[in-house]
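The values are calculated or read from the model by the stated rules, or taken from the named source; none is laboratory data. What you see is a predicted model; the values in this text were computed from it and never measured. Positions of Cβ are backbone-derived with ideal geometry, glycine not excepted, and every protein chain shown enters the neighbour counts. For the accessible areas, the whole protein counts, side chains as well, though only heavy atoms, and no ligand, DNA or RNA atoms are used. Shrake-Rupley method; radii C 1.70, N 1.55, O 1.52, S 1.80 Å.
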Amino acid sequence: MKSTALHLILASSLIAAGLSACKKSDRKDAASATPVINVALPEVDSIVLHKTYPGLISAGTTAQVVGRVNGTILSKNYESGAYVSKGQVLFTIEPDKYREAAAQASAALATAESEYQYASKNY
């Protein structure tokens, strides 16, 4: 009986020693398993976002440029598709026909004025 009690005490002390050894290694493993966490502070900075979309672009307002007077066009002073500004000369038309018409209109005006003056004096 003494030997059984002695074996029981010996076995229980070995188990207790084994359990205490396991607890120490668990503590060491738990401490070494703790991850290292790096901390970074936020920075304030501006960023530029670029987006690319497929598609076609067309102008909202377009105008067809057409010479609408009688005569021969001597020169075209713009390129097709180019921007033009207000008052820009687009075409040069042969001036002879219009110069003659202006001279004829001036002669008709002078005749009308002289008839007016004659009528005013004789009235």
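Results, tabulated for the structure shown:
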quantity	calculated
Whichever residue in the stretch 70-98 is among the aliphatic types (A, V, I, L, M) and surrounded by fewer than 10 Cβ atoms within 10 Å (Cβ to Cβ) and, among such residues, is farthest from ALA59 (Cα to Cα)	VAL89
Among the candidates ILE73, ILE93, residue that is in contact with a Phe, Trp or Tyr (Cβ under 7 Å, 6 or more places away or on another chain) and modelled with pLDDT under 90	ILE73
GLY55 vs. criteria part of a loop (DSSP other than H, G, I, E, B) and modelled with pLDDT of 85 or more	yes
Residues of the stretch 99-119 satisfying the condition of being open to solvent by less than 70 Å² (accessible area, probe 1.4 Å) and within 30 Å of VAL65 (Cβ to Cβ)	ALA101, ALA102, ALA103, ALA105
Hits in the stretch 41-69 - residues which are polar (S, T, N, Q) and open to solvent by less than 100 Å² (accessible area, probe 1.4 Å)	SER46
